[in-house]
Amino acid sequence: MQRFLWELRDFARVSGFMSFFKENAALYRKAEDEARARFNGVDPMTSIESFLGMGLASRSRYIVPLLAPKTHNFIVPYPLPPANLGAKSFDVYTLYADRPADFASVWHEPLYVFIAPSFDYFRTLNIPDP
């Protein structure tokens with residue numbers, strides 16, 4: 001990861017990326033504003049926690065790339081027991097393509113913060129060792 005970050009920083013320096021970024025700030029702001037309007041106050045993590053009656057100690061981050069063929073989601077660390085059973089918090093990232101069909105996908109990964117450990121618990125209780 002350190003090497004990857006070094007390469008990104010080097011690319012940004014050599015390519016003059018920050019100048020490019022500043023020149024296109026209005027375009028990026030417009031994309032962000034349009035995505036915010038589409039969400040219209042929807043907060044999947046808060047809704048899920050309210051429904052469950054428990055906090056999931058997680059943060060949701062929505063990233064709006066300008067060129068995204070579809071929405072992608074991921075969780076860090078992924079709540080797959082037993083490896084991350086003791087994790088205290090999770091970051092849920094959504095690279096949001098901002099298409100009508102993709103809006104429902106903002107709910108998928110936040111749900112897995114709760115569902116993945118629950119499936120493992122169910123499996124442990126109900127599936128005998130071979």
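The values are calculated or read from the model by the stated rules, or taken from the named source; none is laboratory data. Since this is a predicted model, take the numbers as computed values, not measurements. For neighbour counting, all protein chains shown are included, and Cβ atoms are generated from backbone atoms with ideal geometry for every residue, glycine included.
Couple of notes before you dig in:
- In the range 5-54, residue nearest to the chain's Cα centre (by Cα) [restricted to those that are over 22 Å from Glu109 (Cβ atoms) and of a type in the set (Phe, Trp, Tyr)]: Tyr28
- Subset of the range 27-82 (residues that are crowded, with 16+ Cβ neighbours inside 10 Å, of a type in the set (Val, Ile, Thr) and not in a loop (DSSP other than H, G, I, E, B)): Ile48, Ile75
- Filter result for Leu66 (modelled with pLDDT under 85 and within 25 Å of Arg123 (Cα to Cα)): no
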